[in-house]
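> My structure is below; once you've seen it, I'll send some questions.
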Amino acid sequence: MKVRTRFAPSPTGFMHVGNLRTALYTYFYARQNNGTFILRIEDTDVERYVEGAVEKIFKTLKMANINHDEGPDVGGDYGPYVQSERKALYEKYAELLVEKKEAYYCFCDKERLESLQDEHGIRRYDRHCLHLSQEEIEAKKKAGLPYVIRQKMPTSGSISFEDLIYGTITVDAKELEDQILLKSDKMPTYNFANVIDDHLMDITHVIRGKEYLSSTPKYNLLYQAFGWEIPKYIHLSPIMKDETHKLSKRYGDANFEDFVERGFLPHAIVNYICLLGWAPKENQEKFTMEELIEKFSIDGLKKSGSIFDEKKLQWLNGEYLKELSEEEYIEFVKPYLIKAGIEGTDEWYKELILLFRDRTLYGAQVVSLYHEFFREQLELSEEAQAVLSEEGVNDTLNGFLDAFSNIEEWNADNINQAIKQVGKDLNVKGKMLFMPCRIATTGDMHGPELGKTLVLLGKDKTLNRLRQMIK
């Protein structure tokens, strides 16, 4: 059996990192097994369709280095690969189920359906239209009454299936409502279109989120009704916002494109989200795409959710940024300063960017570091305030104020020379020479080379901050 997997996103906006992780795992599984990876656009939910979202899907997959073998843009033998272009197929198969007595027409209007809601707000269809006679059905159709086609569910027993991660899953048939397969506009529901397309496209392994575990018995009943082979299932644990809340596309959480725009490298994001729900056998955190394809294994997939930790993503991104050459790094970070309206010469940009390189974990962070560096009012930690309160420090600061005021050409060499001279004149050295100067001028106890830092800060701002601290 040739492995065929599919990634089937809905064009409802940006690419959520949970969706991207599904795409990655699906892609890895196909590549490991010399199989075929398919992209299918599931656009049957007209109300949630977002203009331009399909283009975002293509763009995201390209940035993530995921290459599909079949799809709307590259073609293939199983197309069309956009569900709205397959509408006639769904109507045909829904009508076939009606003929097989596995589905039925439902003419209930919105008001009646809403009246079925119980005291707990739960709405469940009561099979009102299940036993309509053929004459009644024809009369209602002739009268132009809108209708849907519902799947006829078993009312007793249980339905079991095997998942390659979660094992045997069993659902009581009484829990299954007669779901809608074909809506009144003749568009299929998500669940129905999925089954039809997966069968017609010869999908062998369905990889998707754990939230679909409870829906899978409905899928399997459809496969059985048609007499089709059921694919293998791999359900993935959720990516969590915290201990109790899932990341949600609906609430704008963890948007891949936003992370890229903020200056996270696409592969760093890919690398990180692959580790959310999958534990490599080796104690390794950085992987090339080739290594991810080679080492990914469903045996390493976790059953419990993984918390999305942006701090960890920042760290990993910082590790990738370190691999950039000085020139590549400057070119990567500089646009964030320009976009923020921070002006300077090429040389000034270069010095500023390199000054903050060790502290910059993603591109846009350089802007906040800049504003922190040039802020009007310094905020000192208790430890920093304690250093400035030590005996003799005020005299040292006055010494810096005088020495810096006399510098005519404000450059790192002259600044460093002035600092040394203050130490010599006041017999102060080491920590008690450099640290008070750094704290008084930058607000920090530690940082990059002091001379270069003060060049960027500028003479006037350096002197003003010294005066404020002396007061």
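> When only C-alpha pairs under 8 Å and at least 6 residues apart count, what is the relative contact order of the stretch 1-128, in percent? Before the final figure, lay out the partial values.
Details: 141 pairs, mean separation 27.8, N = 128.
RCO, the stretch 1-128: 22 percent.
> Also, quick follow-up: Local charge sum around Val387 (other residues, Cβ-Cβ under 13 Å, Lys/Arg +1, Asp/Glu -1)?
Value of the local net charge: -3.
> Show me the ranking of peptides 439-451, 137-149 by mean Cβ neighbours inside 10 Å, starting with the highest.
Details: 439-451: 17.8, 137-149: 13.9.
Result, highest mean Cβ count within 10 Å first: 439-451, 137-149.
> I'd like to check one number: the per residue accessible area of the chain, probe 1.4 Å, reported in Å² as a whole number. Intermediate values should be presented prior to the final figure.
Numbers: 23850 Å² over 471 residues.
Accessible surface, normalised per residue, equals 51 Å².
> Whole-Hz Karplus ³J(HN,Hα) for the stretch 203-210, in order, using 6.51 cos²θ - 1.76 cosθ + 1.60 and θ = phi - 60°, x for Gly and Pro?
Working through the residues one at a time gives 6, 9, 9, 9, 10, 7, x, 4 Hz.
> Counting DSSP beta bridges with both partners in the chain, what percentage is antiparallel, nearest 5?
Numbers: 18 of 33 bridges.
Of those bridges, close to 55 percent are antiparallel.
> I would also like to ask the following. Beyond 18 Å, how much of the Cα-Cα pair distribution for the stretch 260-410 remains, as a whole percent? Present the calculation step by step, with values, prior to reporting the outcome.
Working: 7931 of 11325 pairs.
The proportion of pairs with Cα distances above 18 Å equals 70 percent.
> Just the number, please: Stokes-Einstein D of the chain in µm²/s, Kirkwood Rh from C-alpha pairs, 20 °C, 1.002 mPa s.
Values: Rh = 27.1 Å.
Taking Rh from Cα pairs, D becomes 79 µm²/s.
> Still on this structure: Just to be sure I understand the curve: with the Debye formula and one point per C-alpha of the stretch 116-243, what is log10 I(q)/I(0) at q = 0.19 Å⁻¹?
Normalising to I(0) and taking log10 leaves -1.22.
> Ok, one more. GluC sites (Glu not before Pro) within the stretch 166-238: which are DSSP loop residues with at most 16 other Cβ atoms inside 10 Å?
Glu177, Glu229
> Let a ≥ b ≥ c be the square roots of the eigenvalues of the Cα gyration tensor of the stretch 1-93; is it rounded (a/c under 1.5), or, if not, prolate (a/b larger than b/c) or oblate?
oblate
> Next up: Once both axes come from the Cα atoms, what is the angle between helix 87-99 and the longest principal axis of the chain, in degrees from 0 to 90, rounded to 10?
Roughly 40 degrees, rounded to the nearest 10.
> Another question about this same structure. Can you give me the P(r) profile for the stretch 372-471? Cα pairs, bins 10 angstrom wide beginning at 0, each as a whole percent.
16, 57, 27, 1
> Follow-up question, since we're still on this one. Can you list residues whose amide H is under 5 Å from Tyr166's amide H, if they're 5+ apart or on another chain and H is modeled 1.01 Å from N?
His235
> Could you pull the accessible area for Asp77 with a 1.4 Å probe, rounded to 10 Å²?
150 Å²
> On the accessible surface of the chain, probed at 1.4 Å, how many percent belong to carbon and sulfur atoms?
Working: 11210 of 23850 Å².
C and S fraction of accessible area: 47 percent.
> Continuing with the same structure: Can you list, by residue number, the Cys in the chain that have no neighbouring cysteine C-beta under 4.7 Å?
Cys108, Cys274, Cys437
> Now for a different question. Can you work out the Karplus-derived ³J(HN,Hα) for every residue in the stretch 17-26? Use 6.51 cos²θ - 1.76 cosθ + 1.60 with θ = phi - 60°, whole Hz, and x for glycine or proline.
5, x, 5, 5, 4, 4, 4, 5, 4, 5
> Rounded to whole Å, give me the distance from the Cα center of the stretch 427-449 to that of the stretch 157-180.
The two parts, judged by their Cα centres, are 67 Å apart.
> If ligands, DNA and RNA are left out, what is the accessible area of Tyr105 with a 1.4 Å probe, given in Å² to the nearest 10?
Taking all protein chains as shown, Tyr105 has close to 20 Å².
> Let me check against my output: what whole-number percent is the relative contact order of the chain, with C-alpha pairs under 8 Å and at least 6 apart? If you can, show how the numbers build up before the last one.
Numbers: 637 pairs, mean separation 58.7, N = 471.
Reported as a whole number, the value is 12 percent.
> Which residues' amide hydrogens lie under 5 Å from the amide hydrogen of Met240, considering only partners 5 or more residues apart or on another chain, with H built in the peptide plane?
Leu247, Ser306, Ile307, Phe308
> Once you have a ≥ b ≥ c as the square roots of the Cα gyration tensor eigenvalues for the stretch 28-187, tell me rounded if a/c is under 1.5, and otherwise prolate or oblate according to whether a/b is larger than b/c.
Judged from the Cα gyration tensor, the stretch 28-187 comes out prolate (a/c at least 1.5, a/b above b/c).
> In the neighborhood of Ile230, defined by Cβ-to-Cβ distances under 14 Å, what is the net charge if each Lys or Arg adds +1 and each Asp or Glu adds -1?
Working: positive: Lys218, Lys232; negative: Glu162, Asp163, Asp198, Asp202, Glu229.
Here the count lands on -3.
> Now a separate question. To the nearest 10 degrees, how steep is helix 326-339 against the longest Cα principal axis of the chain, on a 0 to 90 scale?
Once rounded, the angle reads 80 degrees.
> Also, I was wondering about something else. Step through the residues of the stretch 112-117 one at a time and calculate ³J(HN,Hα) from phi using the Karplus curve (6.51 cos²θ - 1.76 cosθ + 1.60, θ = phi - 60°), rounding each to whole Hz and writing x for Gly and Pro.
5, 4, 5, 6, 7, 5
> 222 nm [θ] for the chain, helices only, -39500 (n - 2.57) per DSSP H run of 4+, per residue, to 500?
Details: 20 runs with 212 residues, N = 471.
The helix-only estimate for the chain comes to -13500 deg cm²/dmol at 222 nm.
> Here's another thing I want to ask about it. Taking only Cα atoms, what is the 0 to 90° angle, nearest 10, from helix 393-405's long axis to the longest principal axis of the chain?
So the inclination is approximately 80 degrees.
> If you don't mind, another one. With a ≥ b ≥ c taken as the square roots of the eigenvalues of the C-alpha gyration tensor of the stretch 196-326, please select rounded if a/c is under 1.5 and otherwise prolate if a/b is larger than b/c or oblate if it is not? Provide the component values of the computation, followed by the final result.
Working: a/c = 2.30, a/b = 1.87, b/c = 1.23.
Prolate shape, in that a/c is at least 1.5 and a/b is the bigger ratio.
The values are calculated or read from the model by the stated rules, or taken from the named source; none is laboratory data. A quick note: this is a predicted structure, and the numbers were derived from the prediction, not measured. Counting neighbours? That spans all protein chains shown, and the Cβs are built from the backbone with ideal geometry, glycine included. Surface accessibility is based on the protein's heavy atoms, side chains included, excluding ligands, DNA and RNA. Shrake-Rupley method; radii C 1.70, N 1.55, O 1.52, S 1.80 Å.
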